[in-house]
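Values in this text are rule-based calculations from the coordinates and carry no lab data. Owing to the predicted nature of the structure, the values given are computational and were not obtained by experimental measurement. All Cβ positions, even for glycine, are placed from backbone atoms using ideal geometry, and neighbour counts span all protein chains on display.
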Amino acid sequence: MATPEHEVDVVVIGAGQAGLAAGYFLRRVARREDLDFVVLDAGASPGGSWTHYWDSLRLFSPAEHSMLPGWWMPPEEGHEYPSARHVARYLAEYERRYDLPVRRPVRVRRVERSGERLAVVSEQGTWRARRVISATGSWSAPHVPALPGRELFEGEQAHTVDYRNPNRFAGLRVAVVGGGNSAAQILAELSLVAQTTWIASRPPRLLPDDVDGRELFSIATRRQRAAEEGRRVEGVEDLGDVVAVPSVREARDRGVLEAEPMFERFTPTGLLWADGTERRFDAVLWCTGFRPSLGHLAPLGVLDADGRVAVEGTRSVLEPRLHLLGYGDWTGAASATIIGAGRTAKGAVAEATDPLV
Ligand code: FAD
């Protein structure tokens, strides 16, 4: 059976914080001008990737420092740093508050050229749009490095995206691989019930205890301003890799945050290092990050060898009817954070609608 066809001015792909921030500014334009738009999201329920994070995850910043355009995040009762569940509820309420036209679940399979327009194709229908804003995040593209013998390992392998709480690893010997916040936070709670080993390609550095999300955002903003003036100032990566949230500080004080160097290969029962050391493990947990989730854009020929899209501002250099939002600093400083999403979204919507209305 043929799927329905629709014509709209703008399609936003993804209803996480980045896509919703774009929706907010599109709604403002639509109130003044004749503009129709839709936000398509693959998820079964609102909240973007915040619905998938592990149970104990809390924001790096207090609620009063976390906002999408127009509406500060309300505080979570009894907690200065809101939980992921609270953020998901905030996003759900945000959609309703601004009456954003979100359609879900709609997974966009591909975006392709269709005459004057771009065709956004899904199993639920095709939307032919004058502009497309892609805001699909990276949670659906987990990264695992290619290491020899991986397929030989008889234990369990899981990625951050599979992890909700430590229960299923209780009593096991677990290698946690990766040197960032996910690895440190998961290791902090896993080490209370399992025999953990932290493995990272270089020794992870904890940020000073007083650096939280507020400070991270100021550093990113200072850096962006300096770059615009042709200067270079310290970025977060110069200061450290891991935010010292309370659970991480407690694990550090317990002495479980000492990382081993990267291993060389798998064996059927564990891992082998270059100096010949072999250790047995029941499970390997990959906290090795993500790649931008951009496969749906492949038909446009805009993906480079790193799987990214070359942009000027948020606009694709090779396909000017396409904009990218979120993903990382390459689409705007701090654009993949709650507080930073609005700034880039405002720019993207201004660029995307300027010649339209
Ligand atoms: P997402 O939230 O991933 O949303 C993308 C949406 O697009 C999803 O709803 C998905 O279903 C949909 N989608 C994907 N592919 C398709 C498709 N093909 N078709 C249709 N829909 C699709 N930021 C902070 O500001 N503060 C923090 O404290 C903080 N902590 C973090 C902790 C962790 C562990 C992680 C991973 C991130 C954290 N971040 C934090 C970073 C950031 O806020 C998130 O990465 C954020 O979710 C990115 O938002 P997004 O809208 O770009 O993507």
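Computed over Cα pairs, the Kirkwood radius of segment 1-70 leads via Stokes-Einstein (1.306 mPa s, 10 °C) to a diffusion coefficient of 110 µm² per second. The convex hull built on the alpha-carbon positions of segment 186-341 has an orientation-averaged projected area of 12.8 nm². Name the helices (complete DSSP H segments) of the chain with a Cα length along the long axis of 18 Å or more and a Kyte-Doolittle mean of at least 0.0, or state none. TM-like helix candidates: 338-353.
Entry note, the chain: the mean residue ellipticity at 222 nm calculated from DSSP H runs of n ≥ 4, each adding -39500 (n - 2.57), is -7500 deg cm²/dmol after division by the residues and rounding to the nearest 500.
What longest region of the chain stays clear of trypsin sites (Lys or Arg not before Pro) that DSSP places outside H, G, I, E and B and that have at most 15 other Cβ atoms within 10 Å? By the stated rule (loop sites, at most 15 other Cβ atoms within 10 Å), 1-163. Note: relative contact order over segment 242-325, using C-alpha pairs below 8 Å and six or more positions apart, is 11 percent. Computed extension length for Ser218-Val317: 32.7 nm, one decimal, from 0.36 nm per residue of separation with the Cα-Cα distance subtracted. Note on segment 94-157: the alpha carbon radius of gyration divided by the globular reference 2.2 N^0.38 Å gives 1.73.
Translational diffusion of segment 1-120, estimated by Stokes-Einstein from the Kirkwood radius over alpha carbon pairs at 25 °C in a medium of 0.890 mPa s, is 156 µm² per second.
P(r) for the chain, from all Cα pairs and a bin width of 10 Å, is 5, 23, 30, 24, 14, 4, 0 %, short bins first.
Take every Cα pair under 8 Å whose residues are at least 6 apart in sequence, average their separation, divide by the length of segment 203-350, and the relative contact order is 15 percent. Normalised by the number of residues in the chain, the average gap of Cα pairs under 8 Å and 6 or more apart makes the relative contact order 22 percent.
With θ taken as phi - 60° and the Karplus curve 6.51 cos²θ - 1.76 cosθ + 1.60 applied, the whole-hertz 3J(HN,Hα) list for segment 282-299 is 8, 8, 10, 10, 8, 10, 10, x, 9, 10, x, 8, 10, x, 5, 8, 3, x Hz, x standing for glycine and proline. Placing a label point 7 Å from the Cα of Asp210 along the Cα-to-Cβ line, the residues of segment 53-92 whose backbone N sits under 18 Å from it are 61-62. Would you work out which of Phe25, Ala227, Gly213 lies farthest towards the positive end of the dipole of the chain? Charges go on Cβ: Lys and Arg +1, Asp and Glu -1. Looking along the dipole axis, the top candidate is Phe25.
Determine the sum of side-chain charges near Gly240: Lys and Arg each +1, Asp and Glu each -1, restricted to other residues whose C-beta is under 14 angstrom from that of Gly240.
-4
Length, then width, then depth: along the principal axes, the Cα atoms of segment 103-259 run 61, 50, 31 Å.
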